[in-house]
Amino acid sequence: MPALVCHMAGLVDGIDVASAGELKVALDAGADAQEISFAGPAKRRVELQQAVAAGILINIESFREVAELASICDDTGDVARLAVRVNPDFELKSSGMKMGGGAKQFGVDAEQVPELLAEIGRSGMAFEGFHLFAGSQNLKPEAIVEAQGKSYELALRLAQSAPSAVRFLNLGGGFGIPYFPGEQPLDLAPIAANLAGIAERARRELPEAELVIELGRYLVGEAGIYVARIVDRKLSRGQTFLVSDGGLHHHLSASGNFGQVIRKNYPVAIGNRMLPAERETVSVVGPLCTPLDLLADRMELAVARAGDLVVIFQSGAYGFTASPQAFLGHPPCTELLV
Ligand SMILES: Cc1ncc(COP(=O)(O)O)c(C=O)c1O
């Protein structure tokens with residue numbers, strides 16, 4: 001969402017992009033190219049060319065990318081800026097999604113990294129450091145603390161094989177937000193204390209390194225609400241359905257189809273009936289031809305009728321852009337920054 005990226009660009013120290021499309025949005029938003037990094041397992045040559053031309057940091061995820069970048073630099077005379085995305089030899093415990101540890105398509109396995117570093121050294125490109133992203137949506141501070149500690153130790157070990165000093169060390173993120181009943185906001189105090197300790201060590205052990213944490217939904221997820229209008233109200237064999245003009249084509253993650261193993265309801269309300277009112281148990285569904293198009297499953301909500309507004313909270317991340325908007329040709333939703 002370009003308007004949001006513009007707003008955020010002035011508030012954060014850097015932006016990580018996942019495609020040339022996102023790179024364009026970040027540059028258009030006025031983000032400093034020096035502070036943009038690019039991660040993702042399928043960077044095409046044309047995307048790498050754009051990244052080199054823009055002067056951003058490229059998080060290397062394979063041996064192919066090093067060779068491709070060396071050839072681009074041969075053609076243009078540019079010097080690419082590289083960090084190595086490491087697939088660590090540990091996992092982020094209790095995280096909603098794991099992007100590191102075990103066999104993964106992301107990054108380069110830690111045990112292969114020394115060989116990759118040697119190749120970067122021979123290429124003459126500018127090595128800047130390491131990127132480790134173990135996983136996301138974690139609400140357990142002790143798991144994040146453990147992952148950050150292990151990531152730092154691993155980077156310190158790998159730094160011994162680096163062609164030059166480590167100037168950039170991205171320890172990942174994974175900071176979760178509460179979506180479901182019983183979940184509590186993440187307690188940042190132990191994470192901050194741990195990071196202070198790591199920063200203190202890094203001043204001695206990696207004195208040139210800038211430490212980075214990479215936050216996604218933690219910054220914007222709670223700021224977003226999704227609103228759909230109820231089109232119909234139906235009773236089917238004892239169960240009431242509110243049928244809305246929005247659904248999984250706008251908000252795949254609220255429907256549970258973006259990686260939830262057991263589907264749970266996001267926080268939902270009838271937005272124009274927030275004052276205490278009569279309540280009932282209903283399901284909120286969308287217009288698509290699949291029972292997966294479910295925004296709330298047998299949830300207690302204020303009694304609503306056609307024309308009322310269903311509101312889904314915690315929708316500022318993995319909503320619009322993570323959803324199959326073209327499915328069945330219904331209108332896309334409108335994004336507004338208020
Ligand atoms: C490399 C990387 N960085 C950041 C994120 C953002 O994760 P989150 O929004 O959970 O903070 C992801 C999520 O997939 C990722 O893969």
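The values are calculated or read from the model by the stated rules, or taken from the named source; none is laboratory data. Computed from a predicted structure; not experimentally measured. Every residue, glycine among them, receives a Cβ derived from its backbone with ideal geometry; neighbour counts consider all protein chains shown. Note: areas computed on protein heavy atoms with side chains; ligands, DNA, RNA excluded. Shrake-Rupley method; radii C 1.70, N 1.55, O 1.52, S 1.80 Å.
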When you go through (1) open to solvent by 70 Å² or more (accessible area, probe 1.4 Å); (2) at pLDDT 95 or above one by one for residue 183, which number turns out not to apply? (1)
Working carefully through the options 238, 176, find the one that is within 26 Å of residue 83 (Cβ to Cβ) and either assigned by TED's automatic domain parsing to the domain that holds residue 293 or open to solvent by less than 30 Å² (accessible area, probe 1.4 Å) (or both). 176
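Rundown of residues vs (1) among the small types (Gly, Ala, Ser); (2) open to solvent by 30 Å² or more (accessible area, probe 1.4 Å), yes/no style:
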residue	(1), (2)
270	no, no
276	no, yes
301	no, no
306	yes, yes
313	no, yes
325	no, yes
338	no, yes
Only one of 259, 246, 224, 286 is under 17 Å from residue 322 (Cα atoms) and in contact with a Phe, Trp or Tyr (Cβ under 8 Å, 6 or more places away or on another chain); which? 246
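Conditions tested, residue by residue: (1) over 20 Å from the mean Cα position of the chain (by Cα); (2) open to solvent by less than 50 Å² (accessible area, probe 1.4 Å); (3) in the same structural domain as residue 320 (by TED's automatic domain parsing); (4) over 30 Å from residue 178 (Cα atoms).
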{"residue": "14", "(1), (2), (3), (4)": "no, yes, no, no"}
{"residue": "41", "(1), (2), (3), (4)": "no, no, no, no"}
{"residue": "68", "(1), (2), (3), (4)": "yes, yes, no, yes"}
{"residue": "91", "(1), (2), (3), (4)": "no, no, no, no"}
Restricting to the range 126-182, give me the number of residues that are within 15 Å of residue 113 (Cβ to Cβ), outside any strand (DSSP E or B) and near the ligand (Cβ under 10 Å from one of its atoms). 2
So, in the range 99-125, exactly how many residues are more than 11 Å from the ligand (Cβ to nearest atom), without any contact (Cβ under 8 Å) to a residue 40 or more places away in the chain and either closer than 18 Å to residue 167 by Cα or assigned to a loop (DSSP other than H, G, I, E, B) (or both)? 3
Of the conditions (1) under 23 Å from residue 173 (Cα atoms); (2) open to solvent by less than 20 Å² (accessible area, probe 1.4 Å), the single one that residue 250 does not satisfy is (1)
